[in-house]
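Q: Can you keep this structure in mind? I'll have questions shortly.
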Amino acid sequence: MRLFQLLFRASPAALLLVLCLQLGSNKAQENTPRIMIMDFQLSRAEDEKQEVTADLSVKTELKECMVVKAYLNSNVHIESGFNFKYTACLCEENPRHFFWDFKTSSNASIAAVVDIVRELGICPDNDAVIPIRANRFYTVKTLRAA
Ligand SMILES: *[C@@H]1O[C@H](CO)[C@@H](O)[C@H](O)[C@H]1NC(C)=O
C-alpha cells in the first residue's frame, strides 16, 4: 500500500520529466536534417475511365544520397500499375517524383511507402547511405469510391 502511494505521489514529477524530455527531443528534431519529406496526392480523372493517379514527391535534407524504393500499399486489392515499385537515387539537390496510374471502384486507404535500401548500381559510384535513425517512411490517403 505504501509503495503504491509513493508511486502515485511521484507521478506528477515523472509526468513533468517526460514532458520536458519530449520538449527537448522536439527541439532537437528542429535542428536535425529531415531524412524524408514526402508529398503524396491522389486524383481521379473526370472522364468515363475514372483512372486514379497517385503522385509522390520525395526530397531529403541529408547531405548524403540514399537508394530509395517507392511503392504503394492498400487495404483493398488493386491490379496492375498500382503494384509497380520504383528504385531511385535520392540526393539533397535531386528530389524525385513518382507516379502510378490504376483503377479501383472501392473506397481504399492508400499508403505511399519509401524504404531506404542497400542496393548497388543505383547511385553514382554507389555513393549512398542508410540512416540508422529510420529507414521506412509512409503517408496514407483515403480514396473515395467513384
Ligand atoms: C465509400 O464511402 C462512403 C462514405 O463513407 C460511403 O457512403 C459509400 O457507400 C462507400 N462506397 C463503397 C463502394 O464502399
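The values are calculated or read from the model by the stated rules, or taken from the named source; none is laboratory data. Worth saying up front: this structure is predicted, and the values here are computed from it rather than measured. Using ideal geometry, Cβ is built from the backbone for each residue, glycine included, and neighbour counts are taken over all protein chains shown. For accessibility, only protein heavy atoms count, side chains too; no ligands or nucleic acids. Shrake-Rupley method; radii C 1.70, N 1.55, O 1.52, S 1.80 Å.
Q: I'd like to verify a number: residues in segment 72-106 that are modelled with pLDDT under 95 and in contact with a Lys or Arg (Cβ under 6 Å, 6 or more places away or on another chain), how many?
A: 0
Q: Hey, another quick one. Pairs please, first residue from segment 47-69 and at pLDDT below 95, second anywhere and in a loop (DSSP other than H, G, I, E, B) and among the basic types (Lys, Arg), Cβ atoms under 6 Å, 6+ apart in sequence or on different chains.
A: Filtered contacts from segment 47-69: Glu51/Lys103.
Q: What's the total number of residues in segment 122-146 that are away from the ligand (no atom under 16 Å from the Cβ) and either assigned to a loop (DSSP other than H, G, I, E, B) or free of Cβ contacts under 8 Å to residues at least 12 places away in the same chain (or both)?
A: 13
Q: Test of understanding: among Leu90, Leu72, which residue is on the phi < 0 side of the Ramachandran plot and over 13 Å from the mean Cα position of the chain (by Cα)?
A: When all the criteria are applied, what remains is Leu90.
Q: Could you please find all residues in segment 46-60 being farther than 16 Å from Val113 by Cα and either touching a strand residue (DSSP E or B) at 6+ places or on another chain (Cβ under 7 Å) or buried (at least 16 other Cβ atoms within 10 Å of the Cβ) (or both)?
A: Those that are farther than 16 Å from Val113 by Cα and either touching a strand residue (DSSP E or B) at 6+ places or on another chain (Cβ under 7 Å) or buried (at least 16 other Cβ atoms within 10 Å of the Cβ) (or both): Gln50, Glu51, Val52.
Q: Taking only segment 61-85 into account, find how many residues are open to solvent by less than 60 Å² (accessible area, probe 1.4 Å), among the aromatic types (Phe, Trp, Tyr) and not in a helix (DSSP H, G or I).
A: 1
Q: Filter segment 107-121 down to the residues that are within 16 Å of the ligand (Cβ to nearest atom) and either without any contact (Cβ under 8 Å) to a residue 12 or more places away in the chain or open to solvent by less than 80 Å² (accessible area, probe 1.4 Å) (or both) and list them by number.
A: Selection gives Ala108, Ser109, Ile110.
Q: Can we say Thr104 is within 16 Å of the ligand (Cβ to nearest atom) and open to solvent by less than 50 Å² (accessible area, probe 1.4 Å)?
A: Criteria met by Thr104.
Q: Would you confirm whether any residue within segment 46-55 is at negative phi and within 16 Å of the ligand (Cβ to nearest atom)?
A: Yes, segment 46-55 contains a residue that is at negative phi and within 16 Å of the ligand (Cβ to nearest atom).
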